[in-house]
Amino acid sequence: MSGVDDPELGKAALEHGAFAYHVKPVGATQLYLLVVNNLQRRSLEMDHRASLDRLEGMVAERVDQMRRAAELQAGMLPASPLKEDGFEVAAHLTPAREISGDFYDWYRATNGRLAVTLGDVMGKGLPASLMMATARAALRGASEVEPLEAGIKQAAGVMSAALEVNHAYVTVFHCKFDPRTGSVEYVDAGHGHARLLRGATGQELLPQRSAPIGIFPDTQFLVGRATLEPGDSLVVFSDGLLDLRPDLATKDVQLPSDARRAATAQEMVDILAHGAREKELFDDVTVLALKRL
């Protein structure tokens, strides 16, 4: 008997055919779903990749903008040190972030005097850096105004709108130094971190203090006076230095002996700010020194 005529084989063939008939449609459905799922996953991957590319582009753009902002801000600061007949002035600034709310400045003012400023804007980041530029420009714009307190009052008026909008204030130490006589006129607007070094051994605090700019609209800025003798130095720093040197928070404690014995103003500020660039800072570190030669 041939295989075709064998009833057992025929039965098996019929069962096999029925099985194949029922399985093939299920396999096609699975294949269809697999293709659809793969297409959906591919689409999601492409969307995810596109989102990552956009995010990376935004981050790269922000990094580039912050880099350029930092370069622009650094370009506002005078080159350190400045050494002329009778004096040397130098400064150090390390920002806690890409850009800073601290600033220092010096330039020739009225009657051959040198205007010297250190300022600290409340806050960090871009808003503080914008206020820093505003404060610097306002103080420079009032450099010819006399007496000194009137110039500070005018500068405070220029800053007031921006400070109010940003709910901010600025602490400033601003002085005018006469290299011929050593006389210093200063306004300490809420800053407080200023020391007068008498040679390598003595130290005095500057007593006159006023409120920070932007705290009260009718602040009266008090003017203090001192005289730098040859070999004396005026040292001013921002709050951020206290993170590096907590001992300086006690005003009656003298500055470290190696800083007091420094031969130049630049060496003095570098000693005081040593380590700032190697640490993760909570606040900007700024130090300024004016030395009469």
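Every number here is computed from the coordinates shown, using simple stated rules; none is lab data. Quantities reported herein were computed from a predicted structural model and do not represent experimental measurements. Don't worry about glycine lacking a Cβ; one is built from the backbone with ideal geometry, like all the others, and counts go over all protein chains shown.
General remarks:
- Gyration tensor over the Cα atoms of the chain: the corresponding equivalent ellipsoid has semi-axes (square roots of 5 times the eigenvalues, largest first) of 74, 21, 15 Å.
- Fewest-first ranking of ASP120, ASP239, using other Cβ atoms within 10 Å as the exposure measure: ASP239, ASP120
- Fewest-first sequence of VAL187, VAL145 by Cβ atoms within 10 Å of each Cβ: VAL145, VAL187
- Separation between Cα centres of the stretch 255-275 and the stretch 204-229, rounded to whole Å: 25 Å
- Only helices enter the 222 nm calculation for the chain: every DSSP H run of n ≥ 4 contributes -39,500 (n - 2.57), and dividing by all residues gives -14500 deg cm²/dmol, rounded to 500.
- Of the DSSP H helices in the chain, those whose Cα atoms cover at least 18 Å axially and whose Kyte score averages -1.0 or more: 7-76, 125-141, 148-166
- Of the beta bridges in the chain, as assigned by DSSP with both residues counted there, near 100 percent are antiparallel.
- The packing ranking of peptides 81-90, 31-40, 264-273, highest mean first, is 264-273, 81-90, 31-40, where packing means the average number of other beta carbon atoms within 10 angstrom of each residue.
- For the chain: relative contact order, % (alpha-carbon pairs under 8 angstrom, 6 or more apart): 19 percent
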